[in-house]
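*Asks:* Pasting a structure here, questions to come.
The values are calculated or read from the model by the stated rules, or taken from the named source; none is laboratory data. Given the structure is predicted, the values throughout are model-derived calculations rather than measurements. Note that each Cβ is placed from the backbone with ideal geometry, even for glycine, and that neighbours are counted across all protein chains shown.
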Amino acid sequence: MAGGAGHRWRCAAARGARAGRGRVDRYAGHGASAARPRLEEAGPLAGEPLPPDRARQLRRLPRPGRSPVAVRLPERARGLHGAAAAMKRIMIIGGTRGIGLALAEHYAGQGATLALCGRDTSRLDGHPLAGHPQVRIEAVDITDRAALERAIGAFNPVDLLVVTAGQYTDAAGIAADPEATLPVLATNVGGLYDAFDIAARHMRRQGHGHLAAVASIAGLLQDYPGASLYSASKRAAIAICDTFRKALEPFGIAVTVIVPGYVDTARLRELNGGDARRKPFLQTEAQAVRRIVAAIARREACCVFPWQLHLQVRLFNLLPGFLQRLRQK
Ligand SMILES: NC(=O)c1ccc[n+]([C@@H]2O[C@H](COP(=O)([O-])OP(=O)(O)OC[C@H]3O[C@@H](n4cnc5c(N)ncnc54)[C@H](OP(=O)(O)O)[C@@H]3O)[C@@H](O)[C@H]2O)c1
């Protein structure tokens with residue numbers, strides 16, 4: 001079994017010191033500050049209206065000339081604010097929609113300078129972050145190492161790199177189109193490795209940094225007959241994060257792997273006939289962002305949520321193979 005029987009995940013609390021108190025970054029001044037679109041017109045996906053809570057959050061985005069601390073945070077988040085605010089330059093590969101975009105909105109609200117990457121940047125057309133002077137948007141395919149080198153080099157210094165880019169499709173989809181298998185590997189495994197490798201070289205030179213990736217709770221499933229390629233690719237993603245963490249620890253560079261259960265993103269809904277509510281222990285994007293941001297701020301090695309699904313996976317791993325094979329995907 002890949003990963004070894006009884007392989008357990010312990011979410012170690014932060015060990016490392018907080019990221020050094022950074023210098024104050026100037027606004028990147030990327031692009032002209034176009035007239036800000038009306039929030040009602042903007043959406044995570046073109047044409048999709050923003051949920052009211054997200055629209056309220058985005059109305060409070062700091063603009064140049066206003067202190068980021070003007071963004072009011074709930075009491076319990078203030079401790080995280082200081083740590084997160086110290087990480088000023090954040091690149092999110094996969095930041096054009098879903099979890100990556102929701103994270104971008106959060107960090108923009110804290111005054112970070114952002115680079116958002118994805119293959120199709122038109123996904124951000126009409127979104128308030130497009131045209132924001134602190135946000136750079138780049139068309140990058142994570143499977144293209146040369147493009148990654150250019151994008152990371154151009155945004156350098158990167159204080160935090162978050163990789164959310166990932167491909168997931170259902171097993172039936174892959175069975176129907178075997179050509180879909182290699183892109184899953186190239187994105188979820190090869191792309192993640194390349195992005196970390198390139199960013200780590202820059203971070204070693206600059207003497208600090210933080211790498212984070214969104215894997216999946218599916219990656220905690222041990223291999224068993226009939227297990228999905230997606231699950232195997234996310235197991236590999238978790239192992240890549242572990243390996244980089246070991247390698248980079250002596251240089252003070254943290255690596256956080258986020259291991260979420262189901263998150264109610266547009267992509268998950270697409271794969272579930274437009275409604276993902278039947279998925280067990282479904283998290284909203286806002287809940288996922290809170291967990292991810294907290295784990296990154298505390299420089300946690302690994303953050304698995306929700307605990308209920310984590311428990312189910314651990315119990316499932318204890319079942320004999322003939323019972324595991326009965327699992328419905
Ligand atoms: N939603 C869930 O229930 C869930 C649960 C566990 C784990 N995850 C993981 O969380 C991550 C984000 O999920 P999500 O639901 O937010 O997915 P999503 O909405 O499909 O977002 C994926 C993002 O990655 C980008 N991307 C995909 N392939 C890329 C490539 N080759 N190069 C560069 N960018 C690429 C996409 O933009 P373009 O398509 O324009 O490139 C998009 O911005 C994925 O890794 C997924 O496996 C999701």
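*Asks:* What number of residues in the stretch 201-219 are part of a helix (DSSP H, G or I) and under 17 Å from the mean Cα position of the chain (by Cα)?
*Replies:* The total comes to 3.
*Asks:* Looking for whichever is in contact (Cβ under 8 Å) with a residue 40 or more places away in the chain, more than 30 Å from Ala172 (Cα to Cα) and either crowded, with 17+ Cβ neighbours inside 10 Å or away from the ligand (no atom under 12 Å from the Cβ) (or both) here; the options are Arg245, Arg267, Arg291, Arg235. Which one fits?
*Replies:* When all the criteria are applied, what remains is Arg245.
So that you can scan it fast, the table gives a plain yes or no per residue for (1) in contact (Cβ under 8 Å) with a residue 24 or more places away in the chain; (2) surrounded by fewer than 24 Cβ atoms within 10 Å (Cβ to Cβ); (3) touching a strand residue (DSSP E or B) at 6+ places or on another chain (Cβ under 8 Å); (4) not hydroxyl-bearing (Ser, Thr, Tyr):
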site	(1), (2), (3), (4)
Leu116	yes, no, yes, yes
Ser122	yes, yes, no, no
Gly131	yes, yes, no, yes
Val135	yes, no, yes, yes
Glu138	no, yes, yes, yes
Asp144	no, yes, no, yes
Glu149	yes, yes, no, yes
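*Asks:* Go through the stretch 103-190 and tell me which helices (runs of 4 or more DSSP H), entirely inside it, have 3 or more residues that are modelled with pLDDT under 95.
*Replies:* In the stretch 103-190, 171-176, 181-185 are the helices (runs of 4 or more DSSP H) which contain 3 or more residues that are modelled with pLDDT under 95.
*Asks:* So, of the residues in the stretch 86-102 that are of a type outside the set (Gly, Ala, Ser) and part of a helix (DSSP H, G or I), which turns out to be farthest from the ligand (Cβ to nearest atom)?
*Replies:* My answer is Leu101.
Matching residues to (1) outside any loop (DSSP other than H, G, I, E, B); (2) within 26 Å of Gln206 (Cα to Cα):
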{"residue": "Asp242", "(1), (2)": "yes, yes"}
{"residue": "Glu249", "(1), (2)": "yes, yes"}
{"residue": "Arg278", "(1), (2)": "no, no"}
{"residue": "Phe281", "(1), (2)": "no, no"}
{"residue": "Ala288", "(1), (2)": "yes, no"}
{"residue": "Val304", "(1), (2)": "yes, no"}
{"residue": "Phe316", "(1), (2)": "yes, no"}
{"residue": "Leu323", "(1), (2)": "yes, no"}
{"residue": "Leu326", "(1), (2)": "no, no"}
